[in-house]
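Here the structure comes first, spelled out in structure tokens, and everything after it is commentary.
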Amino acid sequence: MKHGDGQITQLVASFEQFGFNGVIVVDEGNVVLAGHGRRLAAIRAGMKTVPCLRRTGLSEAQKRAYIIADNQIARNGEWDETVLAQQLALLKDDGFDLGTLGIGADALASLSNLSAATAKLGEGAEVDKAPPAAPVVKRRRGVEAVEEVINERERQIAVEGWAPAHDDKYQDGELPRAAACYALHGCAPQQDDGPSQWPFPAEWWKPGTPRRNLVKAAALLIAEIERLDRAEKRRAVIAEAAAKAAAKAAEKLDRAASKGGR
């Protein structure tokens, strides 16, 4: 997909407003598979490092297909223009800079007119009103929050090295305790050198904004849940192997007893 100068400028403005969310996906040779536009915008913004996720084991055909799918699927979505117009009106009332949203001036004007018309229509007492848009917006925001937590988990794996083999070493509640520290710090900031309950080396304590701390906490909880799932699978495999070994031993004893009784 082509990334024009206008889009890169919009991405830079987005980074300044919201930060760099998501990751750039690369292969074994650091060839970018997804996030070309974000990479160009990060360079223009002067960012020295950004979160990356390395995908290995893909064939060349799979890489080409992934690049196409990543771009095309994103283009297949459509806005509910009525909901979008309502949310833009709320942002405008809050004094938010709508220019950072990546929506052109003409489109903003059309959506503004739609919002005004919808509001006027809603004033009629006998008009059947559509269901309120708030639940739709809440679901969308919820999905965005979940995606941000997942992206943070992927960043922890790709950038911090918190892969399954690393996480499996911590079997005494270290991961949930670390999550609790970030969650509490998100609600009531504590000392920057790490709370007394922090289970890891002090240099691993990297608090940010309250919201960022909560995202980190949620990602660490996911890491612990994944670790527990892996441990349970290992226990199941061991139990199955032990049961098979016991069955074979019992079978041998039965055969030996049968031979001895002849």
Odd one out for Asp172 among (1) surrounded by fewer than 15 Cβ atoms within 10 Å (Cβ to Cβ); (2) at pLDDT 85 or above; (3) not in a loop (DSSP other than H, G, I, E, B): (3)
Members of the stretch 35-84 that are modelled with pLDDT of 80 or more and of a type in the set (Gly, Ala, Ser): Gly35, Gly37, Ala41, Ala42, Ala45, Gly46, Gly57, Ser59, Ala61, Ala65
Selection from the stretch 20-59 of residues that are within 22 Å of Thr209 (Cα to Cα) and in contact (Cβ under 8 Å) with a residue 12 or more places away in the chain: Phe20, Asn21, Gly22, Val23, Ala42, Ala45, Met47, Val50, Pro51, Cys52
Residue in the stretch 192-211 that is under 30 Å from Val25 (Cβ atoms), surrounded by 17 or more Cβ atoms within 10 Å (Cβ to Cβ) and outside the structural domain of Asn21 (by TED's automatic domain parsing) present: yes
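The values are calculated or read from the model by the stated rules, or taken from the named source; none is laboratory data. Please read all numbers here as calculations on a predicted model, not as lab measurements. All Cβ positions, even for glycine, are placed from backbone atoms using ideal geometry, and neighbour counts span all protein chains on display.
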